[in-house]
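Structure first, commentary second.
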Ligand SMILES: [Cu+2]
């Protein structure tokens, strides 16, 4: 291998290294230390569900004042449903939030839960509706 070829290899290695480092640090910022748990309950109305969300930080403490959006869709039918976005409201206890949404049919659904501060995270939770 001549010196010029070696330079190219070294440069490529450096680019690869910094790219992976940058994406790792970007992920650390966007993924955040927040954790999102939820429970889903039936309401009196068909296909309606009430979600109770619990948001905690990296130290396991409840996160108050969070802005939370829930978007649901059916993974098996992309773009086929248009369930309105649900905004979760504080539910009495620190770190606890509640919202309701109505699915359009029975089957497997997935909820994208996005917490937009303080701290940020986005998680997907799958659930079944009968
Ligand atoms: Cu469907």
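Throughout, read-outs are computed from the coordinates displayed, never taken from laboratory work. Just so it is clear, the model here is predicted, and its values are computed rather than measured.
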Between residue 52 and residue 106, what is 0.36 nm times their sequence separation minus the Cα-Cα distance? Round to one decimal in nm.
17.4 nm
How much length is gained if the chain between residue 85 and residue 69 is pulled fully straight, taking 0.36 nm per residue apart and subtracting their Cα-Cα distance, in nm to one decimal?
5.1 nm
